[in-house]
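S.K.: Supplied in structure tokens, the structure appears directly below.
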Amino acid sequence: MLRIALVFFVALAGAAKADTSAEKLVAAERQALKAVSDDRLAGYMDRPKVDVEYSREWLSTKSFDAGDAEWRCLAEALYFEARGESVKGQFAVAEVILNRVDSAAFPDTVCGVINQGTGRKYQCQFTYTCDGHAEVIAEPRAFERVSKVAHLMVKGAPRPLTKGATHYHTRAVSPNWSRKFPRTTTIGVHHFYRMPTRLSSN
């Protein structure tokens with residue numbers, strides 16, 4: 001009888017501990033959700049379905065209206081980082097930027113992600129923001145094309161190309177982090193990587 005009571009007590013204590021862990025998890029989740037702006041949460045809920053074909057022909061049939069600052073930041077980043085890429089490669093670079101916006105490890109706006117580290121030596125996330133050259137859009141047709149990509153992505157186009165990548169680099173370079181992060185794919189002249197998830201320890 002004592003043995004049964006002991007087993008019951010241990011089981012009850014284990015259940016209480018599991019409940020406490022679950023309560024801590026729920027509390028942490030609530031806290032994280034409170035840190036996300038209402039606009040950002042609404043963006044997750046209201047994404048319309050957008051079908052995409054990764055070709056110049058398909059993209060040429062699309063129209064767009066110049067958008068807000070987020071659209072402009074994304075269009076400029078695509079122009080300076082990927083205008084020589086295929087349409088698929090341009091969508092892939094846009095995916096990385098938006099994946100960063102969705103990650104707690106990066107700023108929560110497109111412009112914030114693109115300009116992160118600008119002005120600090122070797123801290124720029126996107127080279128064109130601190131390479132010392134004026135950002136001049138000299139190829140209007142290329143800018144129109146990437147502007148359409150930016151418009152579609154900001155409006156909620158799917159992101160299947162890079163498997164959640166948060167980083168990329170050209171084949172011509174090999175940054176230190178590329179040996180630590182898992183590569184998700186290669187498209188055109190860019191390799192894509194996903195930053196490993198850090199799990200907190202209690």
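S.K.: In this structure, does ALA138 turn out to be without any contact (Cβ under 8 Å) to a residue 12 or more places away in the chain and either closer than 25 Å to GLU70 by Cβ or in a helix (DSSP H, G or I) (or both)?
M.R.: Spelling it out, ALA138 is indeed without any contact (Cβ under 8 Å) to a residue 12 or more places away in the chain and either closer than 25 Å to GLU70 by Cβ or in a helix (DSSP H, G or I) (or both).
S.K.: Something else: Between GLU57, GLU76, GLU81, which is at pLDDT below 95, under 20 Å from PRO140 (Cβ atoms) and assigned to a helix (DSSP H, G or I)?
M.R.: Within the list GLU57, GLU76, GLU81, the selection yields GLU81.
S.K.: Continuing with the same structure: Output the qualifying pairs, or none if there are none: Cβ atoms under 8 angstrom, residues six or more apart or on different chains, first residue in the stretch 102-114 and on the phi < 0 side of the Ramachandran plot and in the same structural domain as TRP71 (by TED's automatic domain parsing), second residue part of a loop (DSSP other than H, G, I, E, B) and among the small types (Gly, Ala, Ser).
M.R.: Between residues of the stretch 102-114 that are on the phi < 0 side of the Ramachandran plot and in the same structural domain as TRP71 (by TED's automatic domain parsing) and residues that are part of a loop (DSSP other than H, G, I, E, B) and among the small types (Gly, Ala, Ser), the close pairs are ASP108/SER37.
S.K.: Would you pick out the residues in the stretch 173-192 that are in contact with a helix residue (DSSP H, G or I) (Cβ under 6 Å, 6 or more places away or on another chain) and at negative phi?
M.R.: ILE187
The values are calculated or read from the model by the stated rules, or taken from the named source; none is laboratory data. As the structure is a computational prediction, the values presented were derived from the model and not from experiment. Glycine also receives a Cβ, built like all others from the backbone with ideal geometry; neighbour counts cover every protein chain displayed.
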